[in-house]
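Engineer: Quick one: structure below, then a few questions.
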Amino acid sequence: MSRRFLVFTDGLLPDEDAKTGVAAIRYLPKQVVAVIDPPTADATVEQVLGFGGSIPIVADLAQGLRYEPDALLIGVAPAGGRLSGRWRQTFIQALGAGLELWSGLHDPLTADPEIAAAVGSKKLVHELRRVPDDLPVATGAAAGVEAKIVLTVGTDCAVGKLTTAVELVSELERQGVSATLVPTGQTGILLAGWGIAVDAVKSDFVAGAAESLVLQGDQRSSEVLVVEGQGALTHPGYSGVTLGLLHGAMPNGMILCHEAGRRRHSGDEYGWTELPDLDRVVQIYEEAAAWLRPARVLAVALDTHRLNEQEASGAIEGAAAATGLPTTDPVRYGAAPLVAAVREALIG
């Protein structure tokens with residue numbers, strides 16, 4: 001059943017912490033009726049993001065209800081995924097108005113006593129990060145699937161791993177190659193309607209969760225499974241989930257994602273860390289993959305949304321020269337070069 005989402009971004013709309021909301025706007029535009037973002041209220045999403053058309057931005061829930069939503073999507077994904085106390089009353093008011101709550105936060109909404117009381121016995125809360133109770137420990141079974149497995153990996157968090165995966169699947173399908181998105185995070189689950197948020201899984205079972213997702217994807221009889229990446233192997237806070245995902249998914253190849261110009265890991269607390277050069281990041285991922293199953297980085301997906309056309313073109317040329325790999329911004333210029341690299345290396 002299609003939802004009419006009122007997307008809650010709480011003043012973070014242009015920021016990477018609103019990536020769940022931004023992805024819904026980009027890939028589910030017909031299901032987004034309005035966005036709650038007080039600092040940009042009275043503008044349209046197009047005016048703020050440069051895409052999204054005439055979706056209105058409103059200052060609060062009361063204004064958003066005028067657009068007749070049936071669900072409130074919590075479009076923010078802050079570090080740690082914690083429930084902020086300042087959001088509580090908005091969520092309770094949304095429940096009082098009869099809206100479903102769709103959440104990708106780590107903190108379960110119904111663990112909050114006030115929200116739980118507002119929910120009562122009604123099934124109005126959808127927790128995108130809820131994980132199964134019976135996850136296995138990985139066995140390496142993903143290496144036995146017939147489909148070719150492509151994993152998007154990154155230099156950092158929020159550098160376009162999901163976006164690249166979605167664009168890659170879309171272009172593969174456009175070229176007649178059957179492909180499936182394998183979602184491993186709350187936003188991918190929202191878009192695809194299935195999956196497991198591996199960053200909410202106990203560490204012993206992260207690789208097993210990734211493996212089970214690949215096996216589920218293989219049941220869809222696709223030629224290519226594109227696994228949504230998480231975190232980064234060089235990130236001090238999130239390298240663990242990245243390694244578990246890499247070894248559980250057993251990819252045949254990888255697409256490296258990077259934001260042009262980013263020099264340090266995201267998050268104020270990580271200012272002491274510097275991103276390695278792109279060619280070194282390629283080596284790191286290939287070395288780590290080879291511990292269990294050799295896989296090459298096939299291409300680079302560069303996020304250039306902060307750059308003008310001339311700067312973007314120069315950044316793409318620089319990344320291609322540094323790595324020796326096909327490079328593009330799949331949103332700005334299309335994913336055809338990425339698909340060409342996948343087809344040449346894995347499909348023939």
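Engineer: Please specify each residue of the range 11-20 satisfying the condition of being open to solvent by less than 40 Å² (accessible area, probe 1.4 Å) and touching a helix residue (DSSP H, G or I) at 6+ places or on another chain (Cβ under 8 Å).
Structural biologist: Gly11, Leu13, Thr20
Engineer: Here's something else I'd like to know. So which of Val159, Val150, Val177, Val131 is open to solvent by 20 Å² or more (accessible area, probe 1.4 Å), more than 22 Å from Val32 (Cα to Cα), in contact (Cβ under 8 Å) with a residue 40 or more places away in the chain and not in a helix (DSSP H, G or I)?
Structural biologist: Val131
Engineer: For residues that are of a type outside the set (Asp, Glu), surrounded by 11 or more Cβ atoms within 10 Å (Cβ to Cβ) and not in a loop (DSSP other than H, G, I, E, B), tally how many sit in the range 111-128.
Structural biologist: 7
Condition check ((1) among the hydrophobic types (A, V, I, L, M, F, W, C); (2) surrounded by 15 or more Cβ atoms within 10 Å (Cβ to Cβ); (3) closer than 20 Å to Gly160 by Cα; (4) touching a residue at least 40 places away in the same chain (Cβ under 8 Å)) across all residues:
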| position | (1), (2), (3), (4) |
| --- | --- |
| Arg3 | no, yes, no, yes |
| Thr9 | no, yes, yes, yes |
| Val22 | yes, yes, yes, yes |
| Ile25 | yes, yes, yes, no |
| Ala34 | yes, yes, no, no |
| Phe51 | yes, no, yes, no |
| Ser54 | no, no, no, no |
| Asp60 | no, no, no, no |
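Yes/no matrix, rows are residues, columns are (1) open to solvent by 20 Å² or more (accessible area, probe 1.4 Å); (2) part of a strand (DSSP E or B); (3) at pLDDT 95 or above:
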| position | (1), (2), (3) |
| --- | --- |
| Gly229 | no, no, yes |
| Val241 | yes, no, yes |
| Met254 | no, yes, yes |
| Ala289 | no, no, yes |
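Engineer: Next question, about the same structure. Within the range 275-287, can you find the residues that are over 17 Å from Cys157 (Cβ atoms) and either under 22 Å from the mean Cα position of the chain (by Cα) or charged (D, E, K, R) (or both)?
Structural biologist: Asp277, Asp279, Arg280, Val282, Glu286, Glu287
Engineer: Here is a further query. Yes or no: the range 205-225 includes at least one residue that is among the β-branched types (Val, Ile, Thr), in a loop (DSSP other than H, G, I, E, B) and either over 17 Å from the mean Cα position of the chain (by Cα) or closer than 21 Å to Gly176 by Cα (or both).
Structural biologist: Looking through the range 205-225, none of the residues is among the β-branched types (Val, Ile, Thr), in a loop (DSSP other than H, G, I, E, B) and either over 17 Å from the mean Cα position of the chain (by Cα) or closer than 21 Å to Gly176 by Cα (or both).
The values are calculated or read from the model by the stated rules, or taken from the named source; none is laboratory data. Please read all numbers here as calculations on a predicted model, not as lab measurements. Here Cβ is always computed from backbone atoms with ideal geometry, including for glycine, and neighbour counts include all displayed protein chains. To get the accessible areas, we keep the full protein, side chains included, count just its heavy atoms, and leave off ligands, DNA and RNA. Shrake-Rupley method; radii C 1.70, N 1.55, O 1.52, S 1.80 Å.
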